[in-house]
Amino acid sequence: MDLTAQSRRREATAKIRNIAAIPVVLRELGADVDAVLRRAGLDPLIFSDPENVMPYAALGRLVAESVEATGCESFGLRVGARTKASAIGLTGLVALHSSTVREALRVINDTLRTSETGGATFLDIHENQASFGYAVTAPNIEAVDQIEDGSGAIACNIMRQLCGPQWRPQRVRLGRAPPRDKAPFLRFFEAPVDFLEPCSCLVFDAAILGQPARERRPDYVDVLAPLLE
């Protein structure tokens, strides 16, 4: 699993479009969005433009403040559940229109760093099982468990877009401690969920990687892939 991070050589950042659901979930849970942002040291207007960027350390503070304000231990999961592949910009669009699921995940692994430098996705294949996940690689980040919960939910949404809404992982592994209420995790992933794992990832049949991407439009890739390069 290669998680070499440029974030260790320069300040890690996160693009707002990748985390745009945070204010939505805060409002759903009855929190004062502006107050939470200010407590995290952020200008509330930062979410007005999806192309804005925040330091990854600020993302950790924001997520930690959000959990504190809402008392919701599945906050990260809720944010990720609202985030589709298209939310991660050109990387997501090219992935959706790739030739196979394997190629789509390769695109994400190779290019997500252009908008997310505080973490890295990975795809591991061992015998007949594949693991697709995300790890925070920037140092000294708060609420890593919540960020990786959200990333697991985004990964699951991406796989369902690539394979069809009926797709389910065989298992889900999360690095976090078991929450008091596991129901939101079981309900979203619709699969067994293991906690306190060495890394956070979805585990599934590796044969799926050879399947055509469900939404593939070759003409889209012809236009978008050069832009991504």
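Read-outs: derived from the displayed coordinates by stated rules, not from any lab. Keep in mind that this is a model prediction, so the values were computed, not measured. A quick note on method: Cβ atoms are made from the backbone with ideal geometry, for glycine too, and the neighbour counts reach across all protein chains shown.
Numbers for the structure displayed
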| read-out | value |
| --- | --- |
| Cα-centred dipole magnitude for region 115-195, charges only on beta-carbon of K, R (+1) and D, E (-1), debye, nearest 20 | 320 debye |
| Charged-residue dipole, Cβ positions (Lys, Arg, Asp, Glu), the chain about Cα centre, Debye nearest 20 | 220 debye |
| Net dipole in debye of region 10-55 [+1 Lys, Arg Cβ; -1 Asp, Glu Cβ; about Cα centre; nearest 20] | 140 debye |
| Volume per residue of the C-alpha convex hull in the chain, rounded to whole Å³ | 118 Å³ |
| Sum of side-chain charges, LYS15 neighbourhood, beta-carbon under 12 Å (Lys, Arg +1; Asp, Glu -1) | -1 |
| Sparse-neighbourhood loop sites, chymotrypsin sites (Phe, Trp or Tyr not before Pro) in region 156-196 - DSSP loop, at most 14 other Cβ within 10 angstrom | none |
| Positive dipole terminus of the chain, leading residue within THR91, PHE195, ILE208 (C-beta point charges) | ILE208 |
